[in-house]
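Enquirer: Pasting a structure below so you can have a look.
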Amino acid sequence: MEPSAREPLVRKTSSSYRTFPESAPRRLDKEYLQSLHNKRLYLAAFAAVLGNFSFGFALVYPSPVIPALEAHPSPALRLDQHTASWFGSVFTLGAAAGGLSTMLLNDRLGRKLSIMFSALPSALGYALMAGAQGIGMLLLGRVLTGFAGGITSASIPVYISEISHPGVRGMLGACPQIMAVLGSLILYALGKYLGLVLEWRWLAVAGEVPVLVMIVLLCFMPNSPRFLLSQGKEDEALGSLCWLRGKDTDYTREYEQIKDSVRKQSQRVSCAEIKDPFIYKPILIAVGMRFLQQLSGVTCVLVYLQSIFKKTSVILEPEYDAALVGLVRLFSVAIAAVSMDKAGRKILLFVSAGVMLASNLTMGLYIHFVPVSQNSTIANRTLVSSANLPAEPTNYITLIPLLATMFFIMGYAMGWGPITWLLMSEILPLKARGVASGLCVVVSWLTAFTLTQFFLRVVEAFGLEVPFLFFAVICAGNILFTGCCVPETKGRSLEQIEAFFRTGRRSFMRSFRR
């Protein structure tokens, strides 16, 4: 292309965070994308993300249940600080195990069957918690639901990314996070009315419903065309893409592009290929984002949300505070879903990390400087045990922790929540996508387990402000990581993204500076 023809295009896009050259080959044109019928694609995505609904429901299950079990009349089910800590954190240990198993399941069973397989441990886990006669059954139920959550965390984003086209991939990529938030919100709402002493069992029964609906719907959904092609099932792959895009569209052109990309790659990544920047760079970026996402403190906040609100003694009751935070989270993820394909991934990550930084810093400084007499009627060295003591707000200044938490969740939900999952499924190369997505989940949930396990101990030893100040420092690191390492993938096909990492024609830092 001549320079005179190239310059206007460069000027037009210089204000965005560009990573890929505009002349990337085989770009799907807008006319084709606009001609596609997305109804079946949306249905397949909805069926899959029901697994994320169940995941969000199970993740925050301890929030209303811990206070109820701390006051349980039966010693076999009554939680103390030690067992409550395990009840909150062991879910993440199960999720790490689920992510580890997905490293095998994603490439052996496929994305869709892996999601369907997760229904088995999920249903069994909820059944154990619903009929629990002791703490052991509760913990085992948490491990099993966590295991299912680890599988869905690794499989669903990859499945949605591979069945989507660039025109809607950003929006659909946010759907797993939206459904996880919706699941948490439903749990908070049900917990307000059912989470009393014995009635908490019905929360576990309610968790079975989305699992059963998911397994039924997925029976009628197609597998990922990219996975089918990687298994040599060309006719099935073509039929799958036809079902997703519509018979009267030019889907064969997209099929040939996908087929060409799959043909260039071997079935599985070898140890020698790990040294190739095409392989290790996207894996390091994806793993780094999952690690930093958890270090920002979101899992600790969600798991111990009601207990934190009791500790800071905000104006409203903790149950209402938790539901309000859930609504803010849902609204923020919806904003991200709408704007992700317009504003781009990187700008949302910057805004997200900045809001989380300010919120964590505000929370930490509030707890540190506001006198205990104004902050709470409860000692500053306990958290879980506060469930048995009345919260007595004495000043409107106690709205600060509620607002800080709302802004933290809002910041997380509009960027570092959904986009880390979306980018993981976008930038990982096809030959390593199954294994690498499982690795990301393992790292993510091992980090979450460590944080949730030590969160209460740090609070007891140093005070509640210390974790939040630590989370603020991590959020500052998130901003630097986004600027230095994260590529902009808006409007690019998965094949274009792979081509960029393969050629490496522009470094991330130079792209960021432009």
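The values are calculated or read from the model by the stated rules, or taken from the named source; none is laboratory data. Worth saying up front: this structure is predicted, and the values here are computed from it rather than measured. So basically every Cβ, Gly included, is an ideal-geometry build from the backbone, and we count neighbours across all protein chains shown. Heads up: the accessible areas ignore ligands, DNA and RNA and are worked out on the full protein's heavy atoms, side chains in. Shrake-Rupley method; radii C 1.70, N 1.55, O 1.52, S 1.80 Å.
Enquirer: State which residue pairs qualify: first residue outside any loop (DSSP other than H, G, I, E, B) and inside the range 72-85, second residue modelled with pLDDT of 80 or more and open to solvent by 30 Å² or more (accessible area, probe 1.4 Å) in any location, beta carbons under 7 Å apart, and separation of 6 or more residues or different chains.
Expert: Going by the 7 Å Cβ cut-off, the qualifying pairs are Thr83/Ile135.
Enquirer: Another question, if that's okay. If you go through the range 88-107 one residue at a time, do you hit one that is over 19 Å from Arg290 (Cβ atoms) and surrounded by 24 or more Cβ atoms within 10 Å (Cβ to Cβ)?
Expert: Yes: the range 88-107 contains one or more residues that are over 19 Å from Arg290 (Cβ atoms) and surrounded by 24 or more Cβ atoms within 10 Å (Cβ to Cβ).
Enquirer: Just one of Leu139, Leu124 is without any contact (Cβ under 8 Å) to a residue 40 or more places away in the chain and over 22 Å from the mean Cα position of the chain (by Cα); which is it?
Expert: Result of the check over Leu139, Leu124: Leu124.
Enquirer: Within the range 236-262, how many residues turn out to be of a type in the set (Asp, Glu) and either at pLDDT 90 or above or within 28 Å of the chain's Cα centre (by Cα) (or both)?
Expert: Total meeting the criteria: 1.
Enquirer: Something else about it: More than 22 Å from Pro166 (Cβ to Cβ), among the hydroxyl-bearing types (Ser, Thr, Tyr) and crowded, with 22+ Cβ neighbours inside 10 Å, is that true of Thr452?
Expert: For Thr452, the condition - more than 22 Å from Pro166 (Cβ to Cβ), among the hydroxyl-bearing types (Ser, Thr, Tyr) and crowded, with 22+ Cβ neighbours inside 10 Å - is met.
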